[in-house]
Amino acid sequence: MAGGGRLVIAGGGLAGALAALALAQRRPDVPFLLVEGEDRIGGNHTWSFFDGDVTAEDRWLIDSLIHARWSRHDVIFPKRRRTLPFGYNSITSDRLDAAIRERLRPDQLRLGAPIAAIAADHIVLDGGERIDAAGVIDARGAANLDSLDLGWQKFAGRIYAFDTPHGLDRPIIMDACVDQADGYRFVYSLPFTDCTMLVEDTYYSLSSDLDRGEIAARIDAYAADRGWRAARIIGEESGVLPVAMGGRIADLWEGVPVARLGLRGGFFHPTTGYSLPDAVRNAALLARQQDFGSAALHTIFRKEADRLWRQRGFYRLLNRMLFRAAPPSERYRVLQHFYRLDPALIGRFYAGRTTLLDKVRTLSGRPPVSIMKAMKAL
């Protein structure tokens, strides 16, 4: 490799860290450096995915990172409750951080190094230090997403340690039997152990504003209503994820000299905002390359971003229905209606592999919102 002789991965969030792990495991011949501005990898997050979201061919990358797995999960709506018979998995930032520290050599990892600028053949750190490279990948999180037509999935969560077993043996992915404040609202509960659980309050909203204090009080009230008496809070997290309704993915790439991964490159499921499946697939794709120069990688990953954007138009259409055809207090009806469908179809939806027949079935039946408003939104 010309230039600095190595590949620099800028950003140690999920996408950047998985890219580094893929190279370390499958391409020991490729010199690389992972640079992260904070003192740990992955921030403070829990990433989850359904079994079908990641192909069997790519599970080698993440199986060892899974913190908890359940074979089934529940959804709860005012007029529908179901147990879905396919698996759900969670990865924690603590687990990701530990894996990076264990599997990368000291010369492959630089922490506590905020990045000021990126070019095709180098990066510059805040203090002015320049790190030369043959190739650069920008995985520093979301940027310029305001060029897209977006709603938001925003959440805050608390991990509780209970004095006695909470009694929940599988996740509740959506409990929408709560006050529908600030758009479509549901509570998400992951029972990590018999006495620990992550409880998140989630909103599908046109506003990205997140009042963490108010939501924390709602989480405490929800846990108390369920009879879960908390001994202590052992962790907290929050986030705001994009939900795409339209726009041009090219706007995220124009004038950019290097490849982008994660939210910065537009790699997320349009409806859930989840980026883990795309991050896994892109990390595996990176490990299969032969040319790790900036130009070659930019071409590969821009084509992938364009391909996924075209392929996922149906999800953006449904998102417009969710946000623009239903008043905020009744958006839950769209999801309640969706969950009448076959579990295999639901699994393909979340995996981003919806078929033509799936699309017909999803839009069939009595519309959960006004037909006139739905037509206008679509």
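The values are calculated or read from the model by the stated rules, or taken from the named source; none is laboratory data. Please read these numbers as outputs of a predicted model, since none were measured by experiment. Note: ideal-geometry Cβ built from the backbone for every residue, glycine included; neighbour counts use all protein chains shown.
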For the stretch 121-145, what are the residues that are on the phi < 0 side of the Ramachandran plot and in a loop (DSSP other than H, G, I, E, B)?
-> Asp121, Asp126, Gly127, Glu129, Ala133, Ala134, Ala139, Arg140, Ala142, Ala143
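Would you mention how many residues in the stretch 95-112 are in a helix (DSSP H, G or I) and without any contact (Cβ under 8 Å) to a residue 40 or more places away in the chain? Break it down stepwise before answering.
As a first pass, look at the stretch 95-112 and keep what is in a helix (DSSP H, G or I): 95-103, 106-108.
Narrowing the set further to residues that are without any contact (Cβ under 8 Å) to a residue 40 or more places away in the chain leaves 95, 98, 102, 106.
So the count comes out to 4.
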For residues that are small (Gly, Ala, Ser), more than 19 Å from the chain's Cα centre (by Cα) and assigned to a loop (DSSP other than H, G, I, E, B), tally how many sit in the stretch 266-313.
-> 1
Taking Phe77, is it in contact with a Phe, Trp or Tyr (Cβ under 9 Å, 6 or more places away or on another chain), assigned by TED's automatic domain parsing to the domain that holds Leu34 and surrounded by 15 or more Cβ atoms within 10 Å (Cβ to Cβ)?
-> no
Residue that is farthest from Phe268 (Cα to Cα), among those in the stretch 335-367 that are part of a loop (DSSP other than H, G, I, E, B) and among the β-branched types (Val, Ile, Thr) | Thr355
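May I ask you to verify whether Val54 is more than 17 Å from Ala19 (Cβ to Cβ) and touching a Leu at 6+ places or on another chain (Cβ under 9 Å)? Walk me through it before giving the result.
On the way: more than 17 Å from Ala19 (Cβ to Cβ): no; touching a Leu at 6+ places or on another chain (Cβ under 9 Å): yes.
No: the conditions fail for Val54.
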Yes or no: Gly52 part of a loop (DSSP other than H, G, I, E, B) and of a type outside the set (A, V, I, L, M)?
-> no
Which condition number in (1) in the same structural domain as Thr354 (by TED's automatic domain parsing); (2) out of contact with any Lys or Arg (no Cβ under 9 Å at 6 or more places or on another chain) is the one that Ala325 fails?
-> (2)
Going through the stretch 209-261 in order, the residues found to be farther than 18 Å from Tyr315 by Cβ, in contact with a helix residue (DSSP H, G or I) (Cβ under 6 Å, 6 or more places away or on another chain) and part of a helix (DSSP H, G or I) are Asp251
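Could you count how many residues in the stretch 159-191 are basic (Lys, Arg) and touching a helix residue (DSSP H, G or I) at 6+ places or on another chain (Cβ under 8 Å)?
Of the residues in that region, 1 qualify.
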Which of the residues that make up the stretch 3-59 are in contact with a His (Cβ under 9 Å, 6 or more places away or on another chain) and at negative phi?
-> Gly4, Val8, Gly13, Leu14, Thr46, Phe50, Asp53
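With the structure loaded, tell me whether Ala283 is crowded, with 20+ Cβ neighbours inside 10 Å and touching a strand residue (DSSP E or B) at 6+ places or on another chain (Cβ under 9 Å) or whether it fails that test.
Details: crowded, with 20+ Cβ neighbours inside 10 Å: yes; touching a strand residue (DSSP E or B) at 6+ places or on another chain (Cβ under 9 Å): no.
In short, no.
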